[in-house]
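The values are calculated or read from the model by the stated rules, or taken from the named source; none is laboratory data. Given the structure is predicted, the values throughout are model-derived calculations rather than measurements. Glycine gets a Cβ as well: all are built from the backbone with ideal geometry, and neighbour counts include every protein chain shown.
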Amino acid sequence: MASFNLLLLPGDGIGPEVAAEVEKLVKWFDRQGLARFEVEHDLVGGAAYDAHGAAISDAAMARAEAADAVLFGAVGGPKWDGVPYAHRPEAGLLRLRKDLGLFANLRPAICYPALADASSLKREHVEGLDIVIVRELTGGVYFGEPKEIVTLENGEKRAVDTQLYTTHEIERIARVAFELAARRRNHVASAEKRNVMRTGVLWNEVVTRVHKDEYPGARLEHVLADNCAMQLVRNPKQYDVVVTDNLFGDILSDVAAMLTGSLGMLPSASLGAEDPATGKRKALYEPVHGSAPDIAGQGLANPIAMLGSFGMALRYSFGLVEAADRLEAAIASVLAAGLRTRDIAAPGANAVSTGEMGDAVVAALAKAA
Ligand code: NAI
Ligand code: MG
């Protein structure tokens, strides 16, 4: 039986509550003999700061480096508002992304038919929606130098951020997008602003070349990023995979996310470079939502974003595509049966707890087996 090493970093707030539901899945897969996961646990975020004085310890980082995949809950909360900037809870996530070299962020936007009425768009525009935004995560204007605020001689201030991309950075994110598309509908839309940005010109050129040389069977379309935002709201189902830079990806992935309803439903993956020797990638999976201090500790959190993140790990890190499909079908069937945590329930309707939702997904998996 295949065996995988999974590092679970539950974090703060609702992180541990939704992580507990993943452990139910892990145990189920184990019992069924479908896959064995060696699950290690460690602290991250405020919890790690309280214990070690840093948002992630060196020991936890070493475990993350060694793991087949990291599953991350969420970090932060008002308790840590006053901690030194270098040790704020988010620093744990940023260090993981940086040290593991996680340059590709995959954000699926899937609309379950049972929830199509929760979208701000009409049902016909979102029912059956299944797209992925691939966002470059370690380059671009969030990191480019110079990055500063300087005071000019006349007393005015001038702020500078630098958008910067190299051929190599664009090539590797383009490959992630084309590889992903090949397992889906084989359509990639590449979004940039070549009309006003030099990085957009290079982006367009490199993606075009990677397509021509390496993935000629895929359908490639170039779209200006602002138009892409409009199209995502006007007719999102025209897309399959959208690949874009760090800044545009930050915005476009949030736009795509809200087409589908609640934060509690949204998984994500962040992938690093493929190791040429083993073919494996460093990878971190996490729900898009934060630590939700307003509902933490009350059993109200929706675990589906976290369960779906584990599903992405099954698919992209462990190669267990059938298991991933089965998990997605189990989630869809639980929703179709009408089960709702409070965030996705109609106002005044009955809602189930975090644990009840997790149990129901396991039961649906078992039924499909
Ligand atoms: P948030 O995502 O934690 O919560 C926003 C709203 O959505 C809240 O009303 C919350 O109750 C609800 N919500 C979020 N996840 C839910 C779930 N699974 N089920 C049901 N309802 C859910 O974002 P917010 O409030 O802006 O930030 C709270 C804390 O989380 C802050 O300390 C922030 O820095 C941190 N944060 C951490 C992130 C991470 O760990 N990757 C990402 C975003 C925020
Ligand atoms: Mg964002």
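Residues checked against (1) more than 16 Å from the chain's Cα centre (by Cα); (2) outside any loop (DSSP other than H, G, I, E, B); (3) not hydroxyl-bearing (Ser, Thr, Tyr); (4) not assigned by TED's automatic domain parsing to the domain that holds Lys282:
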site	(1), (2), (3), (4)
Val83	yes, no, yes, no
Leu94	no, yes, yes, no
Lys98	no, yes, yes, no
Ala116	yes, yes, yes, yes
Leu121	yes, no, yes, yes
His125	yes, yes, yes, yes
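It is to be established whether one or more residues within segment 51-61 are part of a strand (DSSP E or B), assigned by TED's automatic domain parsing to the domain that holds Lys98, of a type in the set (A, V, I, L, M) and more than 27 Å from Thr278 (Cα to Cα).
Within segment 51-61, the first condition is being part of a strand (DSSP E or B), and the residues that meet it are none.
Scanning segment 51-61 turns up no residue that is part of a strand (DSSP E or B), assigned by TED's automatic domain parsing to the domain that holds Lys98, of a type in the set (A, V, I, L, M) and more than 27 Å from Thr278 (Cα to Cα).
Which count do you get for residues in segment 38-59 that are on the phi > 0 side of the Ramachandran plot and buried (at least 24 other Cβ atoms within 10 Å of the Cβ)? Give the derivation first.
Within segment 38-59, the first condition is being on the phi > 0 side of the Ramachandran plot, and the residues that meet it are 45, 53.
Checking the rest, the ones that are also buried (at least 24 other Cβ atoms within 10 Å of the Cβ) come to 45.
Counting residues in segment 38-59 that are on the phi > 0 side of the Ramachandran plot and buried (at least 24 other Cβ atoms within 10 Å of the Cβ) gives 1.
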So which residues in segment 65-81 are closer than 23 Å to Asp254 by Cβ, among the small types (Gly, Ala, Ser) and part of a loop (DSSP other than H, G, I, E, B), if there are any at all?
Gly76, Gly77
Flagged pairs (Cβ under 6 angstrom, 6 or more apart or on separate chains; first in segment 340-369, under 17 Å from Lys27 (Cβ atoms); second acidic (Asp, Glu) and surrounded by 16 or more Cβ atoms within 10 Å (Cβ to Cβ)) are Thr354/Glu17; Gly358/Glu21
Identify, please: which residue in segment 26-82 is of a type in the set (Val, Ile, Thr) and away from ligand 1 (no atom under 16 Å from the Cβ) and is, among those, farthest from Lys282 (Cα to Cα)?
Val26
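Using the structure shown, decide if Leu202 is assigned by TED's automatic domain parsing to the domain that holds Ser253, in contact (Cβ under 8 Å) with a residue 12 or more places away in the chain, aliphatic (A, V, I, L, M) and under 27 Å from Val126 (Cβ atoms). Step through it out loud before you land on a result.
On the way: assigned by TED's automatic domain parsing to the domain that holds Ser253: yes; in contact (Cβ under 8 Å) with a residue 12 or more places away in the chain: yes; aliphatic (A, V, I, L, M): yes; under 27 Å from Val126 (Cβ atoms): no.
It is false that Leu202 is assigned by TED's automatic domain parsing to the domain that holds Ser253, in contact (Cβ under 8 Å) with a residue 12 or more places away in the chain, aliphatic (A, V, I, L, M) and under 27 Å from Val126 (Cβ atoms).
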From Ala345, Ala366, Ala349, residue being modelled with pLDDT under 95, surrounded by 15 or more Cβ atoms within 10 Å (Cβ to Cβ) and out of contact with any helix residue (DSSP H, G or I) (no Cβ under 6 Å at 6 or more places or on another chain):
Ala345
The correct count of residues that are within 16 Å of ligand 2 (Cβ to nearest atom), in a loop (DSSP other than H, G, I, E, B) and closer than 30 Å to Thr166 by Cβ in segment 216-265 is 1
Out of (1) more than 16 Å from ligand 2 (Cβ to nearest atom); (2) at pLDDT 95 or above; (3) in a strand (DSSP E or B), what's the single condition that is false for Ala273?
(2)
Among the residues of segment 132-148, is there at least one that is out of contact with any helix residue (DSSP H, G or I) (no Cβ under 9 Å at 6 or more places or on another chain) and assigned to a loop (DSSP other than H, G, I, E, B)?
no
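I need a count of the residues in segment 266-286 that are touching a residue at least 40 places away in the same chain (Cβ under 8 Å), more than 26 Å from Gln163 (Cα to Cα) and more than 16 Å from ligand 1 (Cβ to nearest atom). Full working, then the answer.
Filtering segment 266-286 for residues touching a residue at least 40 places away in the same chain (Cβ under 8 Å) gives 266-273, 280, 282-286.
After this cut, where a residue has to be more than 26 Å from Gln163 (Cα to Cα) as well, the list is 266-267, 280, 285-286.
Among the residues that remain, those that are also more than 16 Å from ligand 1 (Cβ to nearest atom) are: 280.
The number of residues fulfilling the criteria is 1.
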